[in-house]
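Read the structure below first, then the notes.
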Amino acid sequence: MQDGVAVNGVCSSESVNGSRDVFSCKDYDSLSAGHLVVMVHGILGCSSDWKFGAEQFVKRLPDKVFVHCSERNMSKLTLDGVDIMGERLAKEVLEIIQEKPNLCKISFVAHSIGGLVVRYAIGRLYRPPKGEVKEDTSGDGCKEEVRGTIGGLEAINFITVASPHLGSRGRHLFLTDVDEGKPPLLKRMLDDSDELYFMSALCIFKRRVLYSNVAYDHSIDIVGWRTSSIRRNGELPKWEESLIETYPHIVYEEHCKACDIDQDETVSAEDYGSSDQLEEELIRGLSRVSWEKVDVSFIKSKQRSAAHSVIQVKDQVLHIEGADVIQHMIDKFFT
């Protein structure tokens with residue numbers, strides 16, 4: 001598919017800044033597609049990194065989704081820090097919402113550091129509920145019935161792919177960034193503060209999903225299984241080769257309910273073998289909401305050393321073995 005050319009009913013347009021919108025070529029489908037899917041790339045990436053994924057989403061859900069591949073943090077701009085990138089992404093999303101008044105729902109699909117950028121951006125985009133909030137009846141750790149919105153849209157799917165939620169290398173990821181005596185940004189993102197509603201925003205999504213590589217993810221020092229799946233060492237599951245023909249690289253799925261961290265106040269990082277107390281706080285803080293955890297293995301793949309890119313299908317030729325992960329994502333997607 002080239003820009004402006006229809007292939008299998010999928011069209012796309014690219015702005016001068018590099019953003020890519022992907023949608024159905026059929027007018028009646030594109031007009032009825034009220035679900036905005038924002039796809040965010042990883043470190044040193046660009047909007048075309050999600051080209052394959054975006055096309056598959058529209059091909060499978062032509063009358064449901066309008067996909068926007070973000071461009072505000074491309075290339076070297078991904079080195080500016082999660083907060084700066086998050087502010088840029090928030091502005092970009094608001095612009096898309098303003099341009100398309102038919103939108104009513106929003107979901108995010110983010111790769112690598114893009115997952116942290118989205119967590120920051122939704123904190124900025126969150127709008128509190130106008131009505132009375134009722135008690136939680138869902139078991140996901142969130143309040144039910146009357147929920148806030150993301151930029152005025154109903155929050156549906158929050159999906160990250162190989163994202164370092166517990167930290168990694170780089171500014172804001174080394175867990176040592178301290179500004180004016182404040183805790184590291186990843187710790188600050190465990191709560192609401194000022195006009196940034198980090199946890200309230202995360203909470204209102206109907207689904208929160210983590211796709212993680214069990215091995216060969218750019219080297220364990222960069223991302224790793226624990227940090228992308230928000231688990232302690234002792235919680236990493238034993239997995240076997242997939243027996244599901246449709247998803248040959250999906251080796252384990254787990255639905256984790258929200259945990260009341262007040263019940264675990266006596267638990268220390270050492271009790272779980274975590275690297276330090278701060279990482280333990282991140283795990284406990286993020287476990288206050290429910291998560292779907294999907295573990296992926298490319299151990300037998302010829303491209304296993306590029307698992308960090310294969311899981312996203314960053315290149316449609318080199319990384320096509322990850323196509324079943326994208327298919328799984330779409331099959332489970334709430335529309």
Response to the item:
Reported set for the range 94-122 where residues are touching a helix residue (DSSP H, G or I) at 6+ places or on another chain (Cβ under 8 Å), surrounded by fewer than 24 Cβ atoms within 10 Å (Cβ to Cβ) and either without any contact (Cβ under 8 Å) to a residue 60 or more places away in the chain or not aliphatic (A, V, I, L, M) (or both) is Leu94, Asn102
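Leu286 - would you say it is at pLDDT 90 or above, open to solvent by less than 80 Å² (accessible area, probe 1.4 Å) and out of contact with any helix residue (DSSP H, G or I) (no Cβ under 6 Å at 6 or more places or on another chain)? Lay out the reasoning, then the answer.
Numbers: at pLDDT 90 or above: yes; open to solvent by less than 80 Å² (accessible area, probe 1.4 Å): yes; out of contact with any helix residue (DSSP H, G or I) (no Cβ under 6 Å at 6 or more places or on another chain): yes.
Judged against the criteria, Leu286 is a match.
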Worksheet item: Within the range 9-36, how many residues are surrounded by 18 or more Cβ atoms within 10 Å (Cβ to Cβ) and aromatic (Phe, Trp, Tyr)?
Response: 1
Worksheet item: Out of all the residues in the range 123-143, is one or more in a strand (DSSP E or B), open to solvent by less than 10 Å² (accessible area, probe 1.4 Å) and either at pLDDT below 90 or of a type in the set (Ser, Thr, Tyr) (or both)?
Response: no
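Does at least one position in the range 169-180 carry a residue that is of a type in the set (Ser, Thr, Tyr), at pLDDT below 95, within 21 Å of Cys259 (Cβ to Cβ) and open to solvent by 30 Å² or more (accessible area, probe 1.4 Å)?
no
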Fill in: Qualifying positions in the range 78-93 - touching a helix residue (DSSP H, G or I) at 6+ places or on another chain (Cβ under 7 Å) and either modelled with pLDDT of 90 or more or open to solvent by 10 Å² or more (accessible area, probe 1.4 Å) (or both)
Val82, Asp83, Met85, Gly86, Glu87, Leu89, Ala90, Val93
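The values are calculated or read from the model by the stated rules, or taken from the named source; none is laboratory data. Small disclaimer: the values here were computed from a predicted structure and weren't measured. Every residue, glycine as well, gets a Cβ built from its backbone with ideal geometry; the counts of neighbours run over all protein chains shown. Remember, those area values only see protein heavy atoms, side chains included, never the ligands or the DNA or RNA. Shrake-Rupley method; radii C 1.70, N 1.55, O 1.52, S 1.80 Å.
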